[in-house]
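**Q** What follows is a single structure, and I will ask about it in a moment.
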Amino acid sequence: MQLSNFTGKTVAIMVASGFDEDICIAIQRAMMSVNAKLRVISRDAGLTNAWNGSGWGMSYPVDSTLSTTLAIDYDALIIPSGERHVTTLLPEAHAKRLMRAFTREDMPVLVLEEATALLDLVDLAVPARDGDTGVGVDGKVVAGGRESLDAALAALNSAMLSDDGESVAA
């Protein structure tokens, strides 16, 4: 999987307690492999807890709270799957503010599985998924799932470039 456009970039992963731990770990590994800086943004201060499928998983340190986060400080936004965390983020005003900032400025955003519901906060439709890859792309917004994570990250990598091949990141 080619992710070179993430090298040296700062990527926000927006979560609340209950996000999918396996997906988060896969995203962390992918970002670490290209020396991208992955920052955890959460409504929770201090630590946020993952869900490992059958119970609470590991606790992860939060780099920035939703209430103090600005989109301008990041090059892309990833929202992992996890019904519990999506349910918590949906009514969160700062999640809506952050989503609106990323989409208004045409910055790359990846939403996975249940997290596609957060696109409703900013009046965006979920991109139709390709039957072969399982990934949907609409401009800089990418939607994917557990089975299509690699393809979704590759699509987000492509979204990091403008039409003329230059980096759109800050």
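The values are calculated or read from the model by the stated rules, or taken from the named source; none is laboratory data. In this text, all values refer to a predicted model and were calculated from it rather than measured experimentally. Reconstructed Cβ throughout: ideal geometry from the backbone, glycine too, with neighbour counts over all protein chains shown. In case anyone asks, the SASA skips ligands and DNA or RNA and just uses the protein heavy atoms, side chains included. Shrake-Rupley method; radii C 1.70, N 1.55, O 1.52, S 1.80 Å.
**Q** Residue check: is SER64 touching a strand residue (DSSP E or B) at 6+ places or on another chain (Cβ under 7 Å) and without any contact (Cβ under 8 Å) to a residue 60 or more places away in the chain?
**A** Considered against the rule, which asks whether it is touching a strand residue (DSSP E or B) at 6+ places or on another chain (Cβ under 7 Å) and without any contact (Cβ under 8 Å) to a residue 60 or more places away in the chain, SER64 comes out as yes.
**Q** Find all pairs meeting these conditions: Cβ atoms under 7 angstrom apart; at least six residues apart or on different chains; first residue within the range 1-13 and more than 13 Å from ARG39 (Cα to Cα) and β-branched (Val, Ile, Thr); second residue open to solvent by 10 Å² or more (accessible area, probe 1.4 Å) and assigned to a loop (DSSP other than H, G, I, E, B).
**A** If the second residue must be open to solvent by 10 Å² or more (accessible area, probe 1.4 Å) and assigned to a loop (DSSP other than H, G, I, E, B), the pairs left are THR7/VAL34; THR7/ASN35; THR7/ALA36.
**Q** Related question: Any residue in the range 76-96 that is farther than 22 Å from THR10 by Cα and open to solvent by less than 10 Å² (accessible area, probe 1.4 Å) sitting within a Cβ distance under 6 Å of a residue that is assigned to a loop (DSSP other than H, G, I, E, B) and of a type in the set (Val, Ile, Thr)? List the pairs, counting only those 6 or more apart or interchain.
**A** So the pair list comes out empty.
**Q** From the set of residues in the range 11-61 that are of a type in the set (Phe, Trp, Tyr) and open to solvent by 20 Å² or more (accessible area, probe 1.4 Å), which is farthest from ARG97 (Cα to Cα)?
**A** Only one residue fits best here, namely TRP56.
**Q** Filter the range 60-79 down to the residues that are farther than 17 Å from LEU119 by Cα and hydrophobic (A, V, I, L, M, F, W, C) and list them by number.
**A** VAL62, LEU70, ILE72
**Q** Still on this model: Please verify whether PRO108 is touching a residue at least 12 places away in the same chain (Cβ under 8 Å), under 12 Å from the mean Cα position of the chain (by Cα) and buried (at least 19 other Cβ atoms within 10 Å of the Cβ), treating the condition exactly as stated.
**A** yes
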